[in-house]
Ligand code: F6R
């Protein structure tokens with residue numbers, strides 16, 4: 001079972017992630033971080049950046065692989081995940097931009113019609129992750145429909161990085177980043193597959209707010225099903241799910257998760 005940690009707010013979640021990743025980088029200076037975009041990981045990146053600065057941690061060798069990217073957005077578009085990862089992670093942490101990769105980088109805004117390029121990009125991305133020695137810690141958000149990365153309901157649990165069609169609810173959810181205009185939200189994306197995500201050595205999923213409560217209950221306490229892609233985390237030997245009270249509100253065993261975490265020996269970390 002994944003470990004479930006119920007926190008007061010995003011800042012507390014961010015500190016838990018920041019501490020774990022800072023300790024990892026101290027022990028392994030060329031650690032490989034799996035990176036997500038969206039609002040859920042922002043406090044975690046800020047917390048990590050603060051620890052890196054306060055403790056003068058050398059991050060020059062740290063490497064990163066983002067989860068996903070829209071198809072057809074130029075890399076320079078402010079909402080491309082390439083631009084977002086650079087703005088929210090690379091710059092605040094002071095990472096070497098050459099060490100951080102986004103699955104759409106090789107596509108460079110190529111349109112949906114460019115099948116040859118798009119077909120080749122997924123397997124090449126998985127091969128690059130493998131060549132880097134695999135991802136040490138993968139941070140994840142979750143969609144209201146249970147997606148992780150952009151693996152929408154029905155995605156194969158064994159999938160590798162590939163093109164996917166976004167469901168309309170995801171485009172509605174993300175319209176807030178595009179002047180609240182769904183027509184500006186691309187219809188397709190390239191995303192690490194669920195199989196790719198499961199290969200990371202540690203998964204840390206963050207979810208906040210009532211809107212995520214149902215997806216979190218399905219993920220943690222429902223059956224493993226491609227219909228709730230995040231439920232695949234149940235198959236992972238080291239998955240940590242950090243949620244606030246609102247996102248935890250539909251968990252039947254919430255009290256047990258709190259009890260287990262508060263009685264956990266400090267040496268276990270997350
Ligand atoms: C982002 C990603 C998505 C988001 C999810 C939640 O790279 O892969 O799965 O994590 O849509 O988004 P937020 O955090 O904005 O609620």
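The values are calculated or read from the model by the stated rules, or taken from the named source; none is laboratory data. Every value quoted in this text rests on a predicted model; they were computed, and no experiment measured them. Quick reminder, even Gly has a Cβ in these numbers, built from the backbone with ideal geometry, and neighbours come from all protein chains shown.
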**Request:** Under 6 Å between Cβ atoms, at least 6 apart or on separate chains: pull out the pairs that start in segment 12-41 with a residue that is at positive phi and end on any residue that is within 16 Å of the ligand (Cβ to nearest atom).
**Result:** 38/141
**Sole residue being at pLDDT 95 or above, on the phi < 0 side of the Ramachandran plot and in a strand (DSSP E or B), chosen from 129, 135, 139, 157** = 139
**Prompt:** Of the numbered conditions (1) more than 14 Å from the ligand (Cβ to nearest atom); (2) surrounded by fewer than 22 Cβ atoms within 10 Å (Cβ to Cβ); (3) within 20 Å of residue 38 (Cα to Cα), residue 223 satisfies every one except a single condition; which is it?
**Reply:** (3)
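Residues are listed down the side, and each one gets a yes or a no for (1) in a loop (DSSP other than H, G, I, E, B); (2) modelled with pLDDT of 95 or more:
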{"position": "174", "(1), (2)": "no, no"}
{"position": "190", "(1), (2)": "no, yes"}
{"position": "200", "(1), (2)": "yes, yes"}
{"position": "205", "(1), (2)": "no, yes"}
{"position": "211", "(1), (2)": "no, yes"}
{"position": "214", "(1), (2)": "no, yes"}
{"position": "219", "(1), (2)": "no, yes"}
{"position": "230", "(1), (2)": "no, yes"}
**Complete:** Of (1) closer than 19 Å to residue 135 by Cβ; (2) touching a helix residue (DSSP H, G or I) at 6+ places or on another chain (Cβ under 8 Å), residue 36 satisfies every one except (2)
**Request:** Could you tell me which of the residues 141, 115, 134, 94 is away from the ligand (no atom under 16 Å from the Cβ), closer than 24 Å to residue 238 by Cα and out of contact with any helix residue (DSSP H, G or I) (no Cβ under 6 Å at 6 or more places or on another chain)?
**Result:** 134
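Matching residues to (1) surrounded by 18 or more Cβ atoms within 10 Å (Cβ to Cβ); (2) farther than 21 Å from residue 18 by Cβ:
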site	(1), (2)
195	no, yes
205	yes, no
210	no, yes
228	yes, yes
241	yes, no
246	no, yes
256	no, yes
**Asked** What number of residues within segment 163-183 are within 14 Å of the ligand (Cβ to nearest atom) and out of contact with any strand residue (DSSP E or B) (no Cβ under 7 Å at 6 or more places or on another chain)?
**Response** 12
**Asked** If you take the residues of segment 52-85 that are assigned to a helix (DSSP H, G or I) and surrounded by fewer than 18 Cβ atoms within 10 Å (Cβ to Cβ), which of them is nearest to the ligand (Cβ to nearest atom)?
**Response** 83
**Asked** Taking the stated definitions as given, is residue 34 within 16 Å of the ligand (Cβ to nearest atom), at pLDDT below 95 and within 19 Å of the chain's Cα centre (by Cα)?
**Response** no
**Selection from segment 186-197 of residues that are in contact with a strand residue (DSSP E or B) (Cβ under 9 Å, 6 or more places away or on another chain) and farther than 14 Å from residue 33 by Cα** = 186, 187, 188, 189, 190, 191, 193, 194
**Message:** Being over 22 Å from the mean Cα position of the chain (by Cα) and farther than 14 Å from residue 5 by Cα narrows it down to one residue among 179, 255; which is it?
**Reply:** 179
